[in-house]
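These notes are about the structure you will find just below.
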Amino acid sequence: MIVHKGTNNKVNAFITLLYPQNKIKFNTGKTRNSNDFINHLKSIKRYVIKRGIKRFILVIDNASFHVSKKTSQYVERQSRWLTVVYLPKRAPFLNPVETKVNRNLKKDICANYCYETEESLLWSIRKYLRKTGCWPKI
């Protein structure tokens, strides 16, 4: 007998691969919307300012929270330091986050594991991403 609480709650991670440092900047949470993505962009902005980076080029797919009106307005206000390049629709194979990070994260942490709580799943994801900290050179 397998006891299950009857829900399949998800945990979301916003992951940015930093090139050429081969490092990962990430934020985790329970939702995946424009506000959460903008918060991730704010953490990238802090990273950029702290390191004195003049221009950050962000390559993203066309997820609804990436192209929403709210996100677009925020991105426009960040034009001094941020350039956004959108990948073609339905082309996850062009997105290194999908091919290098998400695939391995799902395989190593999420698939065939049963976590007692969302918090334990979040803890495992954060630990994995911190431990990995980088990805193979593209």
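The values are calculated or read from the model by the stated rules, or taken from the named source; none is laboratory data. A quick note: this is a predicted structure, and the numbers were derived from the prediction, not measured. When we count neighbours, we look across all protein chains shown, and the Cβ atoms used for this are built from the backbone with ideal geometry, even at glycine.
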Next item on the list: Tally the residues that are among the hydroxyl-bearing types (Ser, Thr, Tyr) and under 24 Å from residue 119 (Cα atoms), restricting the search to region 13-67.
Entry: 5
Item checked: Residue list for region 65-89, filter: modelled with pLDDT under 95 and of a type in the set (Asp, Glu) -> none
Notebook entry, point to check: If you scan region 58-83, which residues turn out to be within 15 Å of the chain's Cα centre (by Cα) and under 22 Å from residue 22 (Cα atoms)?
Noted result: 58, 59, 60, 61
Notebook entry, point to check: What tally of residues in region 105-135 results from selecting those that are without any contact (Cβ under 8 Å) to a residue 12 or more places away in the chain and closer than 17 Å to residue 17 by Cβ?
Noted result: 3
Checklist line | Total residues in region 23-45, condition touching a residue at least 60 places away in the same chain (Cβ under 8 Å) and touching a helix residue (DSSP H, G or I) at 6+ places or on another chain (Cβ under 9 Å) | finding: 4
Next item on the list: Kindly indicate the residue of region 106-124 that is at pLDDT below 85 and surrounded by 14 or more Cβ atoms within 10 Å (Cβ to Cβ) and also farthest from the chain's Cα centre (by Cα) among those meeting that condition.
Entry: 115
Item checked: Check on residue 97, within 12 Å of the chain's Cα centre (by Cα), closer than 18 Å to residue 122 by Cβ and β-branched (Val, Ile, Thr) -> no
Notebook entry, point to check: Tell me, which strands (runs of 3 or more DSSP E) lie completely within region 1-101 with 3 or more residues that are exposed (fewer than 14 other Cβ atoms within 10 Å of the Cβ)?
Noted result: 82-86
